[in-house]
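**Q** Below: one structure in structure tokens.
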Amino acid sequence: MSATDKEAPAASHVAGLSTTEDVERIEAPVTWKAYLICAFASFGGIFFGYDSGYINGVLASQIFKDMVEYPGAKEVTESHTSLIVSILSCGTFFGALIAGDVADFIGRKWTVIIGCFIYLIGVVIQMITGVGDAFGAIVAGRLIAGIGVGFESAIVILYMSEICPRKVRGALVAGYQFCITIGIMLASCVIYATEKRTDTGSYRIPIAIQFAWAIILGGGLMFLPDSPRYFVKRGNVAAATSALARLRGQPADSEYIQVELAEIVANEEFERQLIPSTTWFGSWANCFSGSVFKANSNLRKTILGTSLQMMQQWTGVNFIFYYSTPFLQSTGAISNNFLISMIFTIVNVCSTPLSFWTVERFGRRTILFWGALGMLICQFLCAIIGVTVGFNKTYSAPTVDNPDRTLASNISAVNAQIAFIAIFIFFFASTWGPGAWIVIGEIFPLPIRSRGVALSTASNWLWNTIIAVITPYMTGKTRGNMKSSVFFVWGALCTAAWVYTYFLVPETKGLSLEQVDKMMDETTPRTSAKWKPHSTFAGAHHETYKSAEATV
């Protein structure tokens, strides 16, 4: 008898649905259909990655520099670079916050589709850069596109967390980060293919390719079901049953579908007793209710989600991808800018799939802890080598074409820094890259989940914006000129992430979203890995109902 043919043990009924008290039998066996549906949603990561990757190549385009600055400009000014790079993140910050409300009103799927449409509008505006005020067009276009990316980045994580089977949820949500890395690599390839062009195609082609990502994701989602947990929250159990049956590849009257849906319904009823429906303002205020000293309070979960995304940005990964290559190239140690950029990108892409296995084998908390330790070691070693014998030690070697040319005194030391940057990327891509996204989709109860994930995603983009704005001033030759000392900053922040993980991040591996809520109520982050589910919400609901009947 196959796994899908086994009968789930029925016990009683919640809202007319079959229930079970067996904590291991609250979901249907995973099928390839379930895998493929859940995996498709992760395609949204392409938006994030491509947008992060293509802009550096556009900024390097001579015709773009002529359009934005003046004919013959050697570079886009630091202030313009800072605004062009960071404005997308500013848009995503507000887009993520808005999306939290929209997702509760029209559903997870349609919110992402609307985000794709907004994104397309932003791309069209970026395409007209060069007509009229070029600087204004690229800034306005990236701001609007950023709102669309904010919709997508917040709600795709929410959607995937709610539809993925618990035993593979971490691996499938990690696919979102994998798609981010694929997006960065595609951007690098497109930039390389267009950098020799002398017409506006050198920057318009990389921008125009974004159309494909929005059409594929938005069009594909049209044919997928919405989250059954969204329908339960809206009180539409029939629609929830239909959606869950499609997601699990089971008939609607299957015992498995009935049991899993009963668990979702019972948990939603329990959470509603703790977090009652209220006004729009009150629903946002619910995210900040409770005590910071209580592990299962909404406030504590909101702080956990937002700070986890903040820590992900604090690792310095965006400095590595936005600025490290030209930063190192200025020493003369790098002759091929694209080659080093592609090495970093390939390490990023190839390392991420490792998390598909480690996140389910060792857990979220474990990979975040050891990942932070590996990153801080790499950052400090890179900093120490740089300030002693590497990047900071250069000599003047002017040429006719470049009178300000400098070369590294010790090429081998700079190469060692490059190696440690690549190792840092390995640790990030296999741990904190996917891990932070996985955890924020799992820790919030259903009544505040969309807003909690939205706030957490907005935190990511807020810190992404801050880092994108300040980094040119930290490392610019006419500004902070920190050189390799900047790696001490990232090393210290990775140390903070390491300590933070040990004390505050719980283990959510192998638990349903409803069980995660119970785990956080009954244990602490440091002991959470040992917690095992001992009852179901539906079973407890039934016992309470029987006790009430007996009393009557």
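**Q** May I ask which of Lys167/Lys294; Lys74/Lys483; Lys33/Lys301; Lys109/Lys518; Lys167/Lys530 have a Cα-Cα span longer than 24 Å here? Display every interim value, and only then the final one.
**A** Numbers: Lys167/Lys294 28 Å; Lys74/Lys483 21 Å; Lys33/Lys301 32 Å; Lys109/Lys518 27 Å; Lys167/Lys530 17 Å.
Beyond 24 Å between Cα atoms: Lys167/Lys294; Lys33/Lys301; Lys109/Lys518.
**Q** If you stretched the chain out fully between Ala419 and Gln273, how much longer would it get, using 0.36 nm times the residue separation minus the C-alpha to C-alpha distance?
**A** So the extension gain works out to 47.2 nm.
**Q** Continuing with this model, one more query. How many times 2.2 N^0.38 Å is the alpha carbon radius of gyration of region 126-174?
**A** 1.78
**Q** Evaluate the relative contact order of region 219-271 (contact order divided by residue number), counting alpha-carbon pairs under 8 angstrom at least 6 apart; express in whole percent.
**A** With pairs under 8 Å counted, the relative contact order is 29 percent.
**Q** Tally Lys and Arg at +1 and Asp and Glu at -1 over the other residues with C-beta under 10 Å from the C-beta of Val439: what net charge comes out?
**A** On the way: positive: Arg364, Arg365; negative: Glu442, Glu507.
Within the 10 Å Cβ shell, the charges total 0.
**Q** Run the simple label-point estimate for Ile215 and Val489 please: 7 Å along Cα→C-beta, distance reported in nm.
**A** In this crude label model, Ile215 to Val489 measures out at 4.1 nm.
**Q** Pulled fully out, how much extra length does the chain show between Asp66 and Ala193, if you take 0.36 nm times their separation in residues and subtract their Cα-Cα distance?
**A** Full extension from Asp66 to Ala193 adds 43.7 nm.
**Q** Over region 140-218, what percent of the accessible surface lies on carbon and sulfur atoms, probe 1.4 Å?
**A** Summing carbon and sulfur atoms, their accessible area is 72 percent of the total for region 140-218.
**Q** Further, regarding this structure: Stokes-Einstein diffusion coefficient for region 67-201 at 4 °C in a medium of 1.567 mPa s, Rh from the Kirkwood formula over Cα pairs: what value in µm²/s?
**A** It comes out at roughly 78 µm²/s.
**Q** Ordered by residue, what ³J(HN,Hα) values in Hz, to whole numbers, does region 173-188 give under the Karplus form 6.51 cos²θ - 1.76 cosθ + 1.60, where θ = phi - 60° and Gly and Pro are x?
**A** 5, 4, x, 4, 5, 4, 5, 4, 5, 4, x, 4, 5, 4, 4, 4
**Q** Sticking with this one: For a protection proxy built on the mean count of beta-carbon atoms within 10 angstrom, sort 455-464, 411-420 highest first, please.
**A** 455-464, 411-420
**Q** Once label points are set 7 Å from the Cα along Cα→Cβ at both Leu339 and Trp357, what is their separation, rounded to one decimal in nm?
**A** Those two pseudo-labels are separated by 3.1 nm.
**Q** What's the extension gain from Trp32 to Ile346 if we count 0.36 nm per residue and subtract their Cα-Cα distance?
**A** Gain in length upon complete extension: 110.2 nm.
**Q** Further, regarding this structure: Tell me the carbon and sulfur percent of the accessible area for region 253-304, rounded to whole percent, probe radius 1.4 Å.
**A** It is 64 percent, rounded to a whole number.
**Q** If r is the Cβ-Cβ distance from Ala252 to Ile121 and R0 is 45 Å, what FRET efficiency results, to the nearest 0.05?
**A** With a Förster radius of 45 Å, E is 0.70.
**Q** Could I ask something else about it? Report the calculated FRET efficiency for Ala73 and Trp280 (r = Cβ-Cβ distance, R0 = 51 Å), to the nearest 0.05. List each step's numbers first, then the result.
**A** Details: r = 48 Å, r/R0 = 0.93.
That gives a FRET efficiency of 0.60.
**Q** Based only on the alpha carbon positions, what is the Kirkwood hydrodynamic radius of region 163-267, in angstrom?
**A** 16.9
**Q** Based on the mean of other Cβ atoms within 10 Å per residue, sort peptides 466-472, 506-512, 424-430 so the most packed one is first.
**A** 424-430, 506-512, 466-472
**Q** Taking a probe of 1.4 Å, how large is the accessible area per residue of region 94-183, in Å²?
**A** Per-residue accessible area for region 94-183 comes out at 25 Å².
**Q** Tell me, what is the Rg over Rh of region 422-522, with Rh the Kirkwood radius over Cα pairs?
**A** Reported Rg/Rh (Cα atoms, Kirkwood Rh): 1.06.
**Q** Whole-Hz Karplus ³J(HN,Hα) for region 136-141, in order, using 6.51 cos²θ - 1.76 cosθ + 1.60 and θ = phi - 60°, x for Gly and Pro?
**A** x, 5, 5, 5, 5, x
**Q** Over 18 Å, how big is the tail of the calculated P(r) for region 243-315, in percent of all Cα pairs?
**A** Working: 1602 of 2628 pairs.
Above the 18 Å cut-off, region 243-315 has 61 percent of its Cα pairs.
**Q** Here is a follow-up. Considering only protein heavy atoms, what is the solvent-accessible area of Asp253 at a probe of 1.4 Å, reported in Å² to the nearest 10?
**A** Here the residue's solvent-accessible area equals roughly 120 Å².
**Q** Okay, next question. What percent does the relative contact order of region 66-169 come to when contacts are Cα pairs within less than 8 Å and at least six residues apart?
**A** Relative contact order for region 66-169 comes out at 37 percent.
**Q** Can I ask one more? First select every other residue whose beta carbon is under 13 angstrom from the beta carbon of Trp280; then total the charges, Lys and Arg +1, Asp and Glu -1.
**A** With Lys, Arg at +1 and Asp, Glu at -1, the net is -1.
The values are calculated or read from the model by the stated rules, or taken from the named source; none is laboratory data. Being a predicted model, the structure only gives us computed values, none of them experimental. Here the Cβ is made from the backbone with ideal geometry for all residues, glycine too, and neighbour counts use every protein chain on show. Note: accessible area is taken over every heavy atom of the protein model, side chains too, but ligands, DNA and RNA are not part of it. Shrake-Rupley method; radii C 1.70, N 1.55, O 1.52, S 1.80 Å.
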